[in-house]
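Student: One structure, as structure tokens, below. Some questions next.
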Amino acid sequence: MAIWKVSFAAVVVGLTMAVECGVVAADMFYSSKLVHRFSDEVKKLRVSRNGEVWPQHRSLEYYGRLMSSDLQRQKMKLGPQFQLLFPSEGSKTMPLGNDFGWLHYMYIDIGTPTVSFLVALDAGSDLLWVPCECVQCAPLSASYYSSLDKDLNEYNPSGSSTSKFLSCSHQLCELGSNCKNPKQPCPYTVNYVSDDTSTSGVLVEDILHLASGSRMTANSSARAPVIFGCGSKQTGGYLNGVAPDGLLGLGPGEISVPSRLAKAGFVRNCFSLCFKEDDSGRIFFGDQGPATQQITSFLPSDGQFVTYLVGVESCCVGSSCIEQTNFKAIVDSGTSFTFLPDQIYDRVVKEFDREVNATKASFEGYPWQYCYKSSSEGLPKIPSFTLKFMTNSTFIVQDPVFVIYGSQGAVGFCLAVEPSGIDIGTIGQNFMTGYRMVFDRENLKLGWSLSDCQDLTDSNRLPMTPANGSSPNSLPTDQQNSPNSSGVAPAVAGRTPSKSAAPTNRRISFKLCLTKLLFPLLLVSSNFRQSMYTLTL
């Protein structure tokens with residue numbers, strides 16, 4: 001039935017253009033020859049041009065190619081909506097306390113057969129890496145950690161039928177020039193700022209298993225090829241409980257998982273993170289957020305979009321917006337807490353200290369300078385903390401303090417902000433609490449909206465337009481710290497950014513007139529049950 005609609009539309013369009021172009025004919029009519037896509041006539045055109053192997057009529061290959069085309073057409077008929085994807089183990093994220101650096105983690109499945117890894121979520125770096133062929137890795141036994149109920153895994157390239165090493169000649173092999181042979185496995189080293197923390201090994205490609213729970217593709221799965229680090233040697237914080245089973249870099253670099261998913265056309269070039277006050281959370285690839293969300297633009301660094309950098313116009317504590325508190329900040333889920341440039345920090349904490357109705361105190365083991373005792377009645381009213389952006393958007397921090405508990409309940413609290421030591425700040429995970437944070441890399445925007453971190457696949461979503469598959473292809477560098485001596489928040493450093501380009505939308509328009517018109521040949525099947533309908537120019 002669909003084919004006749006297409007043919008009739010072509011006739012109407014043809015007649016319409018004839019009238020518009022001044023063609024007058026009393027007995028004018030339009031005709032078109034209909035041929036099968038695998039007919040001898042088409043074979044002469046296709047095979048003679050590119051040497052294509054033509055399927056034998058009614059062979060297994062013949063029907064297989066027709067079926068493949070049908071499936072592709074069905075995808076086209078679904079319209080411009082892309083599904084939301086999340087790891088096959090689920091979209092939920094979880095914190096694992098001080099043993100794991102106060103970061104959020106989730107299980108991901110890699111390889112064939114699948115192996116699960118508990119990876120930390122880090123928007124401040126690009127590379128996904130997991131312990132692999134370990135020479136120096138963190139302990140993987142659950143007995144070593146207080147919050148695990150099962151052992152962690154190590155990746156074995158030879159144990160996965162879909163695994164292959166990335167060669168030194170690959171465009172994403174940054175250290176390829178150091179290789180003796182372009183065909184040998186590509187080495188990698190990522191040095192992180194915190195406590196001489198690093199990971200090194202070789203790059204591999206394998207399947208990341210994802211799921212989608214949208215109504216349109218209920219309980220469907222996707223097998224996405226991704227590039228990640230086979231981390232044989234870790235140092236620093238990675239040996240002390242932070243990301244012992246790997247780290248999922250969510251940065252804008254070309255090698256990151258969001259970039260690979262978007263480039264392959266699985267999702268839009270964006271993702272969202274959400275963290276609740278009860279410490280649960282969600283991650284969704286392809287989420288552009290609600291139309292009502294507030295936004296601000298990502299800023300380039302030396303002309304390149306190498307990390308999620310935003311511009312803060314001013315900081316407000318309570319009802320007071322403090323003068324000269326504009327600064328740039330990196331938005332990073334891989335930093336547990338928030339850091340402000342030193343001068344901004346001094347102004348903000350003094351205003352907070354002036355407005356809070358509590359006695360200042362110090363608590364052993366906690367790094368923050370502005371801490372306070374709780375009264376017998378519990379926590380006092382905490383002054384609000386607001387960031388104003390250059391786009392006239394406001395970000396009200398839902399949870400600016402870290403509550404300290406004793407045997408009798410809350411004994412105190414600290415303003416969970418520290419000086420960064422540099423002129424760039426970091427908006428850490430704690431400031432994101434209560435928000436659905438959208439990293440829209442396609443439009444170079446950060447979005448946020450209040451959220452209880454619900455499962456987005458169960459809610460109505462606005463239609464999305466097609467992904468363009470482009471992404472900034474450079475690597476971030478940022479400042480990270482930890483809440484105490486045993487926690488290290490990951491951050492990439494010491495890497496030379498490659499050239500990046502802001503994503504663009506491309507649109508091609510056609511202007512047709514009958515005087516110079518070559519109507520398309522409509523290739524259709526004579527048997528509607530066997531074929532798909534193609535329109536060729």
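Student: Let me spell out the model: positive unit charges on the Cβ of Lys and Arg, negative unit charges on the Cβ of Asp and Glu, origin at the Cα centre of region 148-306. What dipole size does that give, in debye rounded to 20? List each step's numbers first, then the result.
Tutor: Working: 12 positive and 15 negative charges, 149 e Å.
Rounded to the nearest 20 debye, it is 720 debye.
Student: Using the structure shown, select from 328/388; 276/360; 150/276; 263/328; 328/445 the pairs with a Cα to Cα distance greater than 19 angstrom.
Tutor: Beyond 19 Å: 276/360; 150/276; 263/328.
Student: Net charge within 15 Å of residue 370 by Cβ-Cβ distance, Lys/Arg positive one each and Asp/Glu negative one each, not counting residue 370 itself?
Tutor: -1
Student: Simple spin-label model, 7 Å along Cα-to-Cβ: residue 357 to residue 322 in nm?
Tutor: With each label placed 7 Å out from Cα toward Cβ, I get 2.2 nm.
Student: How big is the gap, in Å, between the Cα center of region 256-277 and the Cα center of region 315-361?
Tutor: After rounding, the separation between the Cα centres reads 30 Å.
Student: Please give me, ordered by residue number, the chymotrypsin sites (Phe, Trp or Tyr not before Pro) of region 307-359 that lie in loop per DSSP and have at most 16 other Cβ atoms within 10 Å.
Tutor: Details: sites: 308, 327, 337, 339, 345, 352; in loops: 308, 337.
When the chymotrypsin sites (Phe, Trp or Tyr not before Pro) of region 307-359 are filtered for loop state and at most 16 Cβ neighbours within 10 Å, nothing remains.
Student: OK, next. Residues with amide H under 5 Å of residue 155's amide H, sequence separation 5 or more or different chain, H placed in the peptide plane at 1.01 Å from N; which?
Tutor: 132, 133
Student: Which trypsin sites (Lys or Arg not before Pro) from region 78-186 combine a DSSP loop assignment with at most 12 other Cβ atoms within 10 Å?
Tutor: Answer in residue order: 150, 180, 183.
Student: Another one. Determine which aspartates and glutamates satisfy two conditions relative to residue 350: a Cα distance under 20 Å, and not lying fewer than 8 residues away in the same chain.
Tutor: List returned: 313, 323, 342, 399, 418, 423.
Student: Further question on the same structure: In region 241-326, which GluC sites (Glu not before Pro) are in a loop and have at most 12 other Cβ atoms within 10 Å, using DSSP for the loop call? Mind showing how you got there, number by number?
Tutor: On the way: sites: 254, 277, 313, 323; in loops: 254, 277, 323.
Taking region 241-326 and a limit of 12 other Cβ atoms within 10 Å, the loop GluC sites (Glu not before Pro) found are 277, 323.
Student: Can you pull the accessible area of residue 394 for me, 1.4 Å probe, Å² to the nearest 10?
Tutor: So the heavy atoms of residue 394 present about 50 Å² to solvent.
The values are calculated or read from the model by the stated rules, or taken from the named source; none is laboratory data. Values in this document were obtained by computation on a predicted structure and should not be read as measured data. Cβ atoms come from the backbone with ideal geometry, glycine included; neighbour counts cover every protein chain shown. With ligands, DNA and RNA removed, areas are computed over all heavy atoms of the protein, side chains included. Shrake-Rupley method; radii C 1.70, N 1.55, O 1.52, S 1.80 Å.
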